[in-house]
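The values are calculated or read from the model by the stated rules, or taken from the named source; none is laboratory data. Computed from a predicted structure; not experimentally measured. Using ideal geometry, Cβ is built from the backbone for each residue, glycine included, and neighbour counts are taken over all protein chains shown. Just so you know, the surface numbers come from the protein's heavy atoms only, side chains and all, with ligands and any DNA or RNA stripped out. Shrake-Rupley method; radii C 1.70, N 1.55, O 1.52, S 1.80 Å.
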Amino acid sequence: MLSIAEIAAKGLDYPYTNNTSFRVWIHVVGTVLREAEIYRDDGDFEKAYLLYTRFADLLLNKMPGHPGLKANRALFKKMTGKMPGVLQEMQQLKKALEVQITEEKKAEEERQRKLRALQQASDSGRSGGSRGSGSTSRIDDLRSQLGQGGPDHVNLEDYSFGRYDTRQVSEPMYEHGNWQQQAHHQHDTFDYPDLNRELSSVLSPYVYESGPLTLSPTAGQIRLADSPPAIPAKPAALKASYEKPAAPAPPTTSSSSVEHTSRYTTEGGLALRSLFIPAELEATFLKVAHANTVKNLETCGILCGKLSRNAFFVTHLMIPPQESTSDTCQTTNEELLFEQIDENDLFVLGWIHTHPTQTCFMSSVDLHTQNSYQIMLPEAVALVCAPQHDPNFGIFRLSDPPGVDIIKNCNRGGFHPHTEDNIYNNARHAMVKNGLPFKMKDLRS
Ligand SMILES: [Zn+2]
Ligand SMILES: [Zn+2]
């Protein structure tokens, strides 16, 4: 676990530039605050503290120097009005984090103590000579995993320490069910039944501290991810549910539900949280867009949604007031859109637009639009519908690097060529799923 200073340093580590419009930064701080509150409510105090730090830094240190402040003072004031509450929140989180850090240190000391005891027990078992050599080497294998040289993959079930009931966990869903430990009575696995129990409590912190947990394709197993982008955010809750299934959650965490693991990263290696898009959204949008499409006019919509257990879900398709041509679409009266977003406490997760006659690609204007969305949220995506072509649907994002920097440093407007060819990619962290509910709101009339 990071120290408070290290968490704060991560919170302050983000790209800021006055070249990005003040309005976009207003949306960024709104998004950061929303994220912070959700992680706090989920009991992930580390991420919440990091995000509150970023919120405070943007409002107190960065945005006051932005040339766009003068024209947007009212919006800025609305945000700074939240500062006293945020600072109070940060104080409380800091206290809770200090408790967690102390407890983790104690647990690590306890683990070391058990390791030493295990070493002694194993040594005396070997010198006694009454045990089979096969079992002794099994214990040695396990002990080597507790040390530095352990393998990357540790499958708990292989060692009969118990397993999680994953029957009720299947993606996608808005709320994961609680994990339950299955009773396990296989006492004849080792020649040292007491050591078996000891090992299970020593091994579990090792597993959780080594990498993110993901569900393996076969039910009932728990294993480490192949390419771990991040450490699971709530090891304390998971550990507690594994070791003491009947015990209530510790007071420092509010939830013991499982988080969605980020499997994808930016080209630069930063974790991208999963983004789930309802499969029916494309057809719904095409129906709304149809009247424009037959007149060879583009239509655009905004994807909004929720953050739940470290994954984003598109829950609203907003059709904002807009002006369009055959190859552009510009939202007008954005106030109306952002009223809706605030009212429903939503994240802006991307946008969708039609290419009535053109193929499925990102035009130079699309790339600049997408850049604003990705500044607001790195996971934001662009959905393009090209009903007359094959492929007729794409989900894209700017590569990072190099796409984000190329577009950020390009000051040209209108359609213009970009010479680089790797500016955008398919957004692999975005997944289209059947059966996800969503609402469509047409704000044009
Ligand atoms: Zn386009
Ligand atoms: Zn450009």
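Data overview
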| read-out | value |
| --- | --- |
| Spin-label model distance (nm) - Arg116 vs Asn411, 7 Å beyond Cα toward Cβ | 6.5 nm |
| Whole-Hz ³J(HN,Hα) from phi, Karplus 6.51 cos²θ - 1.76 cosθ + 1.60, for the range 288-295, glycine and proline x | 5, 7, 3, 4, 6, 4, 5, 9 |
| For the range 29-95, fraction of C-alpha pairs farther apart than 15 Å, in % | 49 percent |
| Radius of gyration and Dmax over the Cα atoms of the range 271-442, both given in Å | 15.1, 42 |
| Counted charge near Thr31, where neighbours are those whose Cβ lies closer than 12 Å (Asp, Glu -1; Lys, Arg +1) | -3 |
| Difference of contour (0.36 nm per residue) and Cα-Cα distance, Met1 to Glu104 | 36.3 nm |
| Surface share of carbon and sulfur [accessible, 1.4 angstrom probe, percent] for the range 1-130 | 53 percent |
| Taking the range 1-130 and dividing mean pair separation by its residue count, relative contact order in percent (alpha carbons under 8 Å, at least six apart) | 29 percent |
| Length released on extending from Gln388 to Leu69, taking residue separation times 0.36 nm less the Cα-Cα span | 110.4 nm |
| Proximal lysines to Lys106, defined as alpha-carbon separation beneath 28 angstrom and excluding residues fewer than eight positions away on the same chain | Lys10, Lys47, Lys94, Lys95, Lys114, Lys234, Lys239, Lys244 |
| Theoretical FRET efficiency, 1/(1+(r/R0)^6), r = Cβ-Cβ of Leu270 and Gln91, R0 41 Å, to 0.05 | 0.90 |
| Distance histogram for the range 1-130 (every C-alpha pair counted, 10 angstrom bins, percent rounded to whole numbers) | 11, 33, 22, 12, 9, 7, 4, 2, 0 |
| Efficiency of FRET from Cβ geometry, Arg444 and Ser21, R₀ 30 Å, rounded to 0.05 | 0.80 |
| With every protein chain in place, the range 271-418: carbon and sulfur % of accessible area (1.4 Å) | 49 percent |
| Accessible area per residue, Å², the range 1-72 with all protein chains present, probe 1.4 Å | 42 Å² |
